[in-house]
Amino acid sequence: MIDPTKLAAGTLGLAGVSGATYFGIKEFTKEDLTPHLVSTKLEKGVLDTKGNDSLWTSRDTELGNHTNPIDPDLSSIKAITSPSGERKKRLIGWCEQKYKEDSRALKSGVFEEVQKFCTRKISEQIQGKTAITGEVTSGSSSKWNTSWTSLKGESVKEDTLFGDFKTARTTHKSKGTETEGETALKTACEKYKKFPYLNENDMLFKNVSDYCYSAS
């Protein structure tokens, strides 16, 4: 199940942390720190900083189009225009450093920047399926009809649904039109496909794979 703390750094707390304190400064042991490392929070979604992952080119482009980074170092990296490839190289280095940091110590909003520029998106991890696209239309010919029918099915347990998927089902299953339900599902898919990937057993990943993609 997706941990909401991984989607909002501001919710990360200090409860339950042990370790010695000297002169008012907390000295964390390795055991204290590991659960709170940025890399631990991001799980399997972290991009490889040693290999030649093609996704870094995409993240470099996204950074170039990003407005006003919160982290000052990331802001400086964004401003790089030459030589070719330098900004991507520096971005990889920034991500590598952030992976090693204590997520609780990051300035508000920086954890989200790490998620945006240093991790895989859910859509990038779904293999062997085709994304459902196109506008919602009335009738069974709608590309979203089969997926919506599955989502509102009696066999689906609501405790297996994340966020807007659950809302779409509970709101439109028994009332409203098919088009309204399909539109709510489409909106959820467009939103969540961009979320960071954590692991293959994550509830959100499963929901996106099941209801936003088709087998053919």
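Each reported figure results from applying straightforward, stated rules to the coordinates on display, with no laboratory input. Given the structure is predicted, the values throughout are model-derived calculations rather than measurements. We place every Cβ from the backbone using ideal geometry, glycine too, and count neighbours over all the protein chains shown.
Quick notes on this structure:
- Neighbour-count order for Val38, Val156, fewest beta carbons within 10 angstrom listed first: Val156, Val38
- Cα pair distances in segment 35-164, grouped into 10 Å bins until the bin that holds the longest one, percent each: 10, 31, 26, 20, 11, 1
- Put simply, the C-alpha atoms of segment 124-214 give a gyration tensor, and the ellipsoid matching it has half-axes of 20, 15, 11 Å, longest first.
- Between Lys100 and Asp159, residue separation times 0.36 nm minus the direct Cα-Cα distance comes to 17.9 nm.
- By the count of neighbouring beta-carbon atoms within 10 Å, fewest first, Ile77, Ile126, Ile70 end up ordered Ile70, Ile126, Ile77.
- The magnitude of the dipole of segment 124-214, with charges of +1 and -1 set on the Cβ of Lys/Arg and Asp/Glu and taken from the Cα centre, is near 60 debye.
- Order of Leu55, Leu204, Leu42 under a 10 Å beta carbon neighbour criterion, fewest first: Leu55, Leu204, Leu42
- For Ala79, neighbours were defined as the other residues whose beta-carbon sits under 12 Å from its Cβ, and their charges (Lys and Arg +1, Asp and Glu -1) total +1.
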